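Report on the following structure.
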Amino acid sequence: MSYKATVRSCYIGIFSQAVVVNITALLFTTLGYQFGLSFTQLGALVLINFIMQVSIAIIFGQIVDRVGFRPFIVGAHIAAVVGLAWFALVPALPFDPYAMMIMATIIFGIAAGFFELLISPILNAIPADEKSSAMSILHGFYCFGHLGVVFATTIFLFVFGRDSWPFIVSLWLVLPLLNAFLFSRCPIAPAVEVTQQSSAGAAFRSPLFIILILMISLGAASELTFAQWTSAFMEEAMGLPKVIGDIMGVGMFALSMGVGRVAYGVLKQRETAWLPSQAKLMAIGSAMAISSYIIAATTNYPVLGLLACILCGLGVSLLWPGTLSLAVDAFPKAGTWMFAIMAATGNIGASAGPAVFGLIADYGGLRAGFMMTAIFPVLTLVAIILFLRLRRS
């Protein structure tokens with residue numbers, strides 16, 4: 001059986017995930033000016049999004065294995081359509097705008113939760129020899145989705161004005177609407193049978209699994225904190241116009257992260273001899289992310305700010321998909337529950353990081369936010385070193 005249509009649907013699905021995860025952050029300054037929202041309120045929208053993702057992973061991790069992937073992945077795309085439509089209608093609704101944003105965020109946060117829970121195991125279930133390269137390329141498409149959201153949204157707002165943001169949000173819902181139809185028809189390989197799965201309890205008794213949980217949560221905080229606040233950083237701290245700041249800052253961050261993931265996937269498929277192990281590359285990437293946070297916190301030069309975006313994008317590129325691949329290798333009989341746990345803990349880090357940054361920025365400014373949250377990649381590096389030591393022992 002050919003699974004090419006399934007792979008394409010997974011790529012479009014993770015692209016759609018990039019839309020519902022990143023669209024709000026791109027509108028931070030626009031929403032702040034239009035509705036008088038603080039950094040803390042804006043950061044809270046990101047937090048709510050990821051709380052919903054964590055909740056979905058916790059509630060549905062084992063249910064999916066019993067029911068099957070298809071109804072949940074199709075429903076996730078429909079939820080994304082509804083949530084984006086609701087968000088776009090906020091200025092037209094006769095209710096408190098921030099409350100309506102919260103409601104819309106809850107709906108497309110549910111969609112993002114199912115995307116995170118389902119797309120990786122759907123791809124992982126497809127018969128293939130090299131899982132780590134496939135996982136890396138898949139998550140590379142998330143980055144290209146992020147890049148597409150940045151370019152299209154920023155250019156649209158530049159051409160039609162900031163007040164036109166509801167229209168571009170409405171246009172983005174076409175993508176999940178199309179993919180709901182595609183996922184309803186493509187073949188989907190079954191996950192590991194429930195009776196053949198290793199137990200979550202046994203995994204939690206393994207120090208290796210605990211370290212993997214720390215790696216994905218801290219790595220997610222390292223990635224999403226920089227990703228969610230780059231737009232505001234380039235505009236407010238670097239003094240660049242929004243269109244330039246988003247394209248050069250957020251765009252280059254997403255591009256470099258996507259290139260890093262796809263390049264690793266391609267080189268791994270070709271069995272490149274000089275390529276270090278995935279864990280070692282993740283350690284190197286963590287060190288790069290530490291440097292990028294420090295540069296962002298201290299520089300007054302836009303060129304160095306752009307360098308920090310590129311460096312961080314490359315540095316964090318393997319942290320999330322790499323941890324998933326290491327977990328699959330270490331626990332090959334795990335079912336969707338493992339992806340649920342990894343998604344939940346990853347999203348805890350992904351939500352906490354930007355929210356903590358927002359709190360710090362409200363009191364000390366954006367630079368203080370970057371300096372203080374550099375602790376995330378530092379702790380990620382420590383967790384990877386512990387992982388390498390455990391694997392050698």
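Okay, here's what the table says:
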quantity	calculated
Where a residue in region 328-353 is closer than 13 Å to Glu116 by Cβ and its partner, wherever it lies, is acidic (Asp, Glu) and in a helix (DSSP H, G or I), with Cβ under 7 Å and at least six apart	Thr336/Asp65; Ala343/Glu116; Asn347/Glu116
Selection status of Ala99, farther than 17 Å from Val19 by Cβ, assigned to a helix (DSSP H, G or I), over 18 Å from the mean Cα position of the chain (by Cα) and of a type in the set (A, V, I, L, M)	yes
Test result for Ile51, of a type outside the set (Asp, Glu), surrounded by fewer than 21 Cβ atoms within 10 Å (Cβ to Cβ) and touching a residue at least 24 places away in the same chain (Cβ under 8 Å)	yes
Residue list for region 50-59, restricted to those being under 12 Å from Phe115 (Cβ atoms) and modelled with pLDDT of 85 or more	Met52, Ile56
Conditions (1) under 17 Å from Ile58 (Cβ atoms); (2) buried (at least 24 other Cβ atoms within 10 Å of the Cβ); number of the one not met by Thr345	(2)
Listing of helices (runs of 4 or more DSSP H) fully contained in region 1-74 that carry 1 or more residues being of a type in the set (D, E, K, R) and in contact with a Leu (Cβ under 9 Å, 6 or more places away or on another chain)	4-26
Any hit, region 146-167, residues being without any contact (Cβ under 8 Å) to a residue 40 or more places away in the chain, surrounded by fewer than 23 Cβ atoms within 10 Å (Cβ to Cβ) and closer than 23 Å to Trp229 by Cβ	yes
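The values are calculated or read from the model by the stated rules, or taken from the named source; none is laboratory data. Please read these numbers as outputs of a predicted model, since none were measured by experiment. Glycine gets a Cβ as well: all are built from the backbone with ideal geometry, and neighbour counts include every protein chain shown.
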